[in-house]
Amino acid sequence: MDPVLPGARRDGSLPAPRVPQGIRHGLRALLAVITLALVAALGAPGAPPLDASPLRPHYTITARVDLRSGTVGATAIVRYPNRTGRPLDRLVFQTEAARSPGFALAAQVGGQDVTPQVTDLTIDLPLPEPLEPEAAATVRLDFQVPVPAQEGRYGFQDGILSLGGWYPLLAVYRGPRLAGAEPEGWDRHPPPPFGDLTFSEVADYEVTLTVDGDPAIAHTGTLVTQEGATRRYRAEGVREFALALSTRYQTFRRQVGAVEVVAFVTPERAAAGPIYLEYGASMLVWLHETLGPYPWLSLHLAEMPSTNLMNAGQEYPGLVRIASWASYAESAPEGYLAYLVRHEVAHQWFYGIVGNDQIREPWVDEALATWLALHHVRVTAPQVFPAAWQQRVTQFLPPGPSDPPGINRPIYDFPTDALYFNTVYRQGALLWEDLYQRMGDAAFFGALQRYVQVFSGQVATGTALLDLVQAHTDQPVGLLVQRYATSARPRGEGRGWTPPWPPGDTWAGTVVLRSDPGIRLRVVVDDRPALEGDADRLTFDTRTFPPGEYLITLVGVGPDGPVGEATRRV
């Protein structure tokens, strides 16, 4: 997600090798001509779609949309596998639709009627009997909602039906790894006053959509079949499923390797369509080769009705929304529209592939998306990078970190959206620029690549991100972060102890773990506590877990709490 800067004008395969930065700069004049042809020849980006997994939640949604009235009626069958390690007495969902007048919901669990409890955007669904760990529950949700006549990511305006947050989405269960300052259990955050509304785990989707009028539809996932007014979509390993529908949309298309990039714009904004494609495709290619493969077969960039300068863009898996007011015919690489498209495409990696708590730690994805969008200008058009950095970041900020620092504060701590954007986005971009300059290109992007590899399909924390950055540099990351973060002793470095990781990334049989005197070692497997002890030698039997890939977190716990942690995928 990204707002306008104050004062802006209103007019399937392995990643390709990275090109060294200096060479990239020298190729700038050739970039527009050869990049897409080169990527197509390599067959990248676009890894094959992820397979549906019984270990992930699965949504089967059948929806009927009346595009004349903006009304949605749907049935969602949700299968939830309990991998929390705890027996559950309820499931919790969140949806923006719950705040709409006229929202109606009926629910069943295992064929038995239950009464949902709706508070703001949160739906508590009591279970008839406890759901034990590793068991699964199947829930049926029948709901109907007249989508309100409003701008933005969820609304019906200017002939565009924007369906972000339109169905009940499973909330995140905070296990030991994610609890942090929050209690363990279901996340039930109140609606934020601005910024992103929810965050979520990945899931698989089958969506059948019936809508008359033959609109153009921007969507998450892949269109599988279309028969008359009914379309069927599939999406694997995505955090949510969003749509934008309009009979007024014009489309512009470009094939980039295995990925089809499509722009959806109204006739009044037709000149912006090719700009969506140009910068969307260029950013997609660069991030694919720089951070890791883009995992889906399409990327849709769709105009979003908005006249609010603080509501400029919104990200969804495989779908980017760009405000109508920002979709002017400005094609300069340092222009705001080019920046905005880049920023939202960057969210496909940071939010989409790697998740985070966008409510309590929004800096984790927003600061990175801001910095990456601007660094792409430095890579492709270095002569205009200083102007772009000044226009997007420094002209609105003091020359150094803010006083008091606070990029790592939750959304609720900011009294205004302007202060939120200045701190989280722009001060956050300054932090990443400081780290980039100190670490150098190879070490910096090596850390981000590892972050994507380790936390792909997971929800990460700021601690884990900074731990991985620290592992790729001798620079004292924590001392630098202190200039920008609220904590006097920032998480991620400088806590005095690093968990000793066993050699290698493949664990098999019995793994020997070591701790230091006075420090208990806690082992967390996919957010589930697996082992804890204070001996200097612990044994962990991996055969107690089914074969597969797991996220292992080693946490050192001292007398006053955690003193360090490390996470890897093994």
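State whether the residues of the stretch 174-197 include one that is open to solvent by 10 Å² or more (accessible area, probe 1.4 Å), within 27 Å of LEU301 (Cβ to Cβ) and either assigned to a strand (DSSP E or B) or among the charged types (D, E, K, R) (or both).
Within the stretch 174-197, not a single residue is open to solvent by 10 Å² or more (accessible area, probe 1.4 Å), within 27 Å of LEU301 (Cβ to Cβ) and either assigned to a strand (DSSP E or B) or among the charged types (D, E, K, R) (or both).
If we keep just the residues of the stretch 524-570 that are over 13 Å from LEU513 (Cβ atoms) and among the hydroxyl-bearing types (Ser, Thr, Tyr), which is surrounded by the most Cβ atoms within 10 Å (Cβ to Cβ)?
Within the stretch 524-570, the match that is surrounded by the most Cβ atoms within 10 Å (Cβ to Cβ) is THR567.
Considering PRO130, PRO146, PRO87, PRO101, which residue is of a type outside the set (Gly, Ala, Ser) and modelled with pLDDT under 95?
Just one listed residue meets the conditions, PRO101.
Could you please find all residues in the stretch 256-315 being assigned to a helix (DSSP H, G or I), among the β-branched types (Val, Ile, Thr) and within 11 Å of VAL345 (Cβ to Cβ)?
Selection gives VAL285 alone.
Consider ALA106 carefully, then state whether it is outside any strand (DSSP E or B) and among the hydrophobic types (A, V, I, L, M, F, W, C).
For ALA106, the condition - outside any strand (DSSP E or B) and among the hydrophobic types (A, V, I, L, M, F, W, C) - is not met.
Take the stretch 240-255 and flag every residue that is open to solvent by less than 60 Å² (accessible area, probe 1.4 Å), outside any strand (DSSP E or B) and not small (Gly, Ala, Ser).
Of everything in the stretch 240-255, those that are open to solvent by less than 60 Å² (accessible area, probe 1.4 Å), outside any strand (DSSP E or B) and not small (Gly, Ala, Ser) turn out to be GLU240, PHE241, TYR249.
Table: residues versus (1) under 18 Å from the mean Cα position of the chain (by Cα); (2) within 26 Å of PRO317 (Cα to Cα); (3) among the acidic types (Asp, Glu); (4) modelled with pLDDT of 90 or more.
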residue	(1), (2), (3), (4)
ALA443	no, no, no, yes
GLN453	yes, yes, no, yes
GLY457	yes, yes, no, yes
GLN470	no, no, no, no
LEU480	no, no, no, no
ARG483	no, no, no, no
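In the stretch 525-548, what count of residues is obtained for those that are modelled with pLDDT under 80, among the acidic types (Asp, Glu) and over 16 Å from TRP501 (Cβ atoms)?
Going through the stretch 525-548 one residue at a time, the tally reaches 2.
Select from the stretch 148-169 the residues that are open to solvent by less than 10 Å² (accessible area, probe 1.4 Å) and not aromatic (Phe, Trp, Tyr) and list them in ascending order.
Correct list: GLY152, GLY155, ILE160, LEU161, SER162, LEU163, GLY164, PRO168.
Quick one: count up the residues across the stretch 203-218 that are of a type in the set (Gly, Ala, Ser) and open to solvent by less than 20 Å² (accessible area, probe 1.4 Å).
Residues that pass the stated criteria total 2.
Just checking, does the stretch 271-283 include any residue being at pLDDT below 95 and either among the polar types (S, T, N, Q) or open to solvent by 10 Å² or more (accessible area, probe 1.4 Å) (or both)?
Checking the stretch 271-283: not a single residue is at pLDDT below 95 and either among the polar types (S, T, N, Q) or open to solvent by 10 Å² or more (accessible area, probe 1.4 Å) (or both).
List pairs: first in the stretch 149-174 and over 14 Å from THR122 (Cβ atoms), second of a type in the set (A, V, I, L, M) and not in a strand (DSSP E or B), Cβ under 6 Å, 6+ apart or cross-chain?
PHE156/VAL147; PHE156/ALA149; GLY164/ALA242; TRP166/ALA97
Looking at TYR351, TYR339, TYR294, TYR279 in this structure, which one is closer than 29 Å to GLN453 by Cβ, of a type outside the set (A, V, I, L, M, F, W, C) and touching a Pro at 6+ places or on another chain (Cβ under 7 Å)?
One residue alone meets the criteria, TYR294.
The values are calculated or read from the model by the stated rules, or taken from the named source; none is laboratory data. Bear in mind the structure is a predicted one, so any value in this text is a computation, not a measurement. Here Cβ is always computed from backbone atoms with ideal geometry, including for glycine, and neighbour counts include all displayed protein chains. To get the accessible areas, we keep the full protein, side chains included, count just its heavy atoms, and leave off ligands, DNA and RNA. Shrake-Rupley method; radii C 1.70, N 1.55, O 1.52, S 1.80 Å.
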